[in-house]
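J.: Have a look at the structure that comes next, please.
The values are calculated or read from the model by the stated rules, or taken from the named source; none is laboratory data. Everything numeric here is computed off the predicted structure, so don't read it as measured data. Cβ atoms come from the backbone with ideal geometry, glycine included; neighbour counts cover every protein chain shown. Just so you know, the surface numbers come from the protein's heavy atoms only, side chains and all, with ligands and any DNA or RNA stripped out. Shrake-Rupley method; radii C 1.70, N 1.55, O 1.52, S 1.80 Å.
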Amino acid sequence: QVQLVESGGGFVQAGGSLRLSCSASGRTFSNLHRGWFRQAPGKEREFVAAISVSGGNTYYADSVKGRFTISRDNAKNTVYLQMNSLKPEDTAVYYCAASTYWFSGNPHSYDYWGQGTQVTVSS
């Protein structure tokens, strides 16, 4: 079993930055693909970014490409999401997730989920 805990959310003005962190415990973190998703009120959960086991491959939603960066530190069992040039439409609860088999943007590919952290961007 894997436990994921997100941190780093908060309130920021448009154009600002935040860095989310997601720590993992419970099993070998380095063997899991990792992803970030988000869900705004009244909307479905959507893919944000993913990173492969080695960290050598990353994948982003078009809406965040060039503004967000996903990274991981396997020694610290942590994955990060650096968010720059934030926009009001980035406001959502952000979830980290872990996948045993798939490097994917499909939420159904992920086996483990955190509880989420709120990000609010004001205009």
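J.: If I ask for residues that are touching a helix residue (DSSP H, G or I) at 6+ places or on another chain (Cβ under 6 Å) and not in a strand (DSSP E or B), which ones from the stretch 66-123 would you list?
T.: N74, N77, W102, S123, listed by residue number.
J.: Name the residue that is surrounded by the most Cβ atoms within 10 Å (Cβ to Cβ), counting only residues in the stretch 72-94 that are of a type in the set (D, E, K, R) and farther than 22 Å from S122 by Cα.
T.: Step by step, filter the stretch 72-94, then rank; the result is R72.
J.: Being open to solvent by 70 Å² or more (accessible area, probe 1.4 Å) and over 14 Å from the mean Cα position of the chain (by Cα) is the filter here; which residues of the stretch 38-71 pass it?
T.: Selection gives P41, G42, K43, E44, S54, N57, D62, G66.
J.: Okay, next question. Just a yes or no: is a residue in the stretch 38-50 in a strand (DSSP E or B) and touching a His at 6+ places or on another chain (Cβ under 7 Å)?
T.: For the stretch 38-50, residues in a strand (DSSP E or B) and touching a His at 6+ places or on another chain (Cβ under 7 Å): present.
J.: Of all residues being basic (K, R) and within 14 Å of the chain's Cα centre (by Cα) in the stretch 1-37, which is nearest to N106 (Cα to Cα)? Just the residue, please.
T.: Filtering first and then ranking leaves R34.
J.: Hey, another quick one. Which pairs do you get when a residue that is farther than 13 Å from G8 by Cβ and of a type in the set (A, V, I, L, M), found in the stretch 94-119, comes within reach of a residue that is open to solvent by 70 Å² or more (accessible area, probe 1.4 Å) and at pLDDT 95 or above, reach meaning Cβ atoms under 9 angstrom, with the pair 6+ apart or on two chains?
T.: The qualifying pairs are A97/W113; A98/W113.
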